[in-house]
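To start, the structure under review is shown below, and the notes come after it.
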Amino acid sequence: MNAGTIPTKKGGIPPEANNVLNQIENRKTLYRRKMIIAFIVLGLLLVATLMVIKLDFKFMLKWLPFVLAGSGFTFLVAFLAIALACFLAVIGALGRMSKNPFLNSFATSYVSLIRGTPLLVQVYMWYLALPQIGKALEDLGIEGIQSLVTLPAVPAGILALGVCYGAYMTETVRAGIQSIKLGQTEAAKALGMTEAQTMKRVIFPQALRVIIPPVSNEFIAMIKDSSLVSLMGVWELSYRAIKVGRRHFQSLEMLIMVALIYWAMCILLQYAQEKLEAYMARGDRRT
Amino acid sequence: MKKKSNPMVKVTNIHKVFGKKLHVLRGIDLEVNKGETVVILGASGSGKSTLLRCINFLEEPTAGTVEVDNIAVTAGGDDKNRTSQILDIRKKTGMCFQAFNLFPHMTVLENVIEGPVTVLGQRKQEAVLYAQELLDWVGLTEKRDEYPSRLSGGQQQRVAISRSLAMKPKVMLFDEPTSALDPELVGEVVEVMERLAKEGMTIIAVTHELHFARDVADRVLIMDHGNWIEEGTPEKIFNNPENKRTKQFLAHIL
């Protein structure tokens, strides 16, 4: 070798490095296997517990179709209520950020009032108290208002849930919008966009990405809170299960069953959320 | 009849006060003629960027008048007409930012057609044709369907320039367009700016790229504490500065 030149090393990855790489790979596989085993053990434990407490599986199977028939109501209420909530949340968030003092204070009061009172009270408010307000207004001379605001159980439930979740989601949407860097607004303005165009084309699509995980969270909570409409005698999932359980003195079976049904629904939603997030992340750097 | 052509950009006695006390611009005047390239130099915090941002009203001037291509807007007015005049000024003014600010949820092509389609109401096909020409002009044809996050800083800034040019602006404002770039990527952006100047675009640039200031600018202005302290051709400013603070500043960056 000539003095003064730096020797170049030839060849690929040395064998000892390959050993380390293999070790890392093995550790990952091992972890994955252990994870699967842990889930199986947990599942077996669950089944064993159900056996030990002598669940009447025959009974459960017999009433499964009847209870499942209530899932239609659950989905109907949850989907319509979440749609209403999303709509209110966008309006609410724009109101909360508005420079118009009237809109701003209106949105702020909405969020404060609704978040500050129990959902249970709100449900009864829409269902039982609203007709009374209607009567008072009718006495003041507004024709036909009472029958208009005397709501059947399902619409009352949808309104109650939608308005309530809309208040919580207002803050989610606002946080999402405000998380977008100022430079984006400036770039849009510099192109000559109006404020509405900036929001619609630049800010909101990016904010949507940020708010999808928390909104999915709300949706999952909503599926379960939809059971509150049972308070008004709607034959949805949980109402059916509780009724049957009480009548046959087998509440345990029915409660476990309805819990599993809710769980399955939520797992489905979670899966949908993952797909949606993956789609929204399309502009990200792939690592 | 002799007709004197108005300057493309005319800034008259602009003041900018942040909060109640921070007096950043102290009565700035500036006239830039059509096709002229002007470079603004000055220490950081001297008000260069604020001046640029006052020209397209990203920053509301506290006093004074801005005129771009014969649309004049005075500070502090409040009529409805004014809002649309500001939008008109922005449509005639392209701006490139230090941080590029490309829209990350859109592809390169979508970024470039966004202005023409949303703001000018052009048909999409028409906008795409021109966008492709522009991308070709900045050498990024093959990146048209990539998202900005997959591009280098230099490529992103060249897309940002195309995005501004798609609006067919009368003036381009460059706010330290190369300051966020790795040194080896600066050249490709400066080269695009240079070609733009040669094609007759009116340019106002805040930049520390001395090569650009020296070789491309028609005029160099030095700002200090919200005032001009010196103005002249690049030869005069770089070889023969008169002001003491100019000399100090140049000694720092040369």
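Figures for the structure shown
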{"item": "Enumeration of residues in the range B:146-155 that are closer than 16 Å to B:ALA131 by Cβ and touching a Pro at 6+ places or on another chain (Cβ under 8 Å)", "result": "B:TYR147, B:PRO148"}
{"item": "Residue identified as in contact with a Ser or Thr (Cβ under 9 Å, 6 or more places away or on another chain) and not charged (D, E, K, R) among B:THR107, B:THR93, B:THR118", "result": "B:THR93"}
{"item": "Criterion: open to solvent by 50 Å² or more (accessible area, probe 1.4 Å) and small (Gly, Ala, Ser) - qualifying residue of A:SER98, A:SER112", "result": "A:SER112"}
{"item": "Pairs where the first residue, in the range A:84-103, is polar (S, T, N, Q) and the second is at pLDDT 95 or above, C-beta under 8 Å, 6+ apart", "result": "A:SER98/A:ASN104; A:SER98/A:ALA107"}
{"item": "Residue selected from the range B:79-107 under the condition of a type in the set (S, T, N, Q) and part of a helix (DSSP H, G or I), by the criterion farthest from the other protein chains (Cβ to nearest Cβ)", "result": "B:ASN81"}
{"item": "Residue ranges of strands (runs of 3 or more DSSP E) in the range B:1-70 with at least 3 members open to solvent by 20 Å² or more (accessible area, probe 1.4 Å) and under 26 Å from B:PHE238 (Cβ atoms)", "result": "B:22-32"}
{"item": "Matching option when the condition is part of a helix (DSSP H, G or I) and either among the basic types (Lys, Arg) or within 8 Å of another protein chain (Cβ to nearest Cβ) (or both), among B:GLU110, B:GLU126, B:GLU114, B:GLU133", "result": "B:GLU114"}
{"item": "Every residue from the range B:159-199 that is surrounded by fewer than 17 Cβ atoms within 10 Å (Cβ to Cβ) and either in a loop (DSSP other than H, G, I, E, B) or within 14 Å of chain A (Cβ to nearest Cβ) (or both)", "result": "B:LYS168, B:SER179, B:ALA180, B:ASP182, B:GLU199"}
{"item": "Of all residues making up the range B:5-31, the number that are charged (D, E, K, R), in contact (Cβ under 8 Å) with a residue 24 or more places away in the chain and farther than 19 Å from B:VAL73 by Cβ", "result": "1"}
{"item": "Residue check for A:ILE261: open to solvent by less than 60 Å² (accessible area, probe 1.4 Å) and in contact with a Ser or Thr (Cβ under 9 Å, 6 or more places away or on another chain)", "result": "yes"}
{"item": "Hits in the range B:126-158 - residues which are surrounded by 21 or more Cβ atoms within 10 Å (Cβ to Cβ) and either within 15 Å of the chain's Cα centre (by Cα) or at positive phi (or both)", "result": "B:GLN157, B:ARG158"}
{"item": "Selected residue [within 30 Å of B:ASP88 (Cβ to Cβ) and among the hydrophobic types (A, V, I, L, M, F, W, C)] from A:ILE180, A:ILE212", "result": "A:ILE180"}
{"item": "Test: residue in the range A:250-257 that is touching a residue at least 60 places away in the same chain (Cβ under 8 Å), in a helix (DSSP H, G or I) and open to solvent by 70 Å² or more (accessible area, probe 1.4 Å)", "result": "yes"}
{"item": "Whichever residue in the range A:185-214 is open to solvent by less than 30 Å² (accessible area, probe 1.4 Å) and β-branched (Val, Ile, Thr) and, among such residues, is nearest to A:CYS266 (Cα to Cα)", "result": "A:ILE212"}
{"item": "Scope the range A:112-149; condition of a type in the set (Val, Ile, Thr) and modelled with pLDDT under 90; matching residues", "result": "A:ILE142, A:ILE145, A:VAL149"}
{"item": "Verdict on A:SER238 being farther than 19 Å from A:MET169 by Cα, open to solvent by less than 20 Å² (accessible area, probe 1.4 Å) and in a helix (DSSP H, G or I)", "result": "yes"}
{"item": "Single residue of A:GLN206, A:GLN178, A:GLN197, A:GLN184 found to be of a type outside the set (A, V, I, L, M) and more than 10 Å from every other protein chain (Cβ to nearest Cβ)", "result": "A:GLN178"}
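The values are calculated or read from the model by the stated rules, or taken from the named source; none is laboratory data. Owing to the predicted nature of the structure, the values given are computational and were not obtained by experimental measurement. Backbone-built Cβ (ideal geometry, glycine too); neighbour counts: all protein chains shown. Keep in mind that these areas ignore ligands, DNA and RNA; they rest on the heavy atoms of the full protein, side chains included. Shrake-Rupley method; radii C 1.70, N 1.55, O 1.52, S 1.80 Å.
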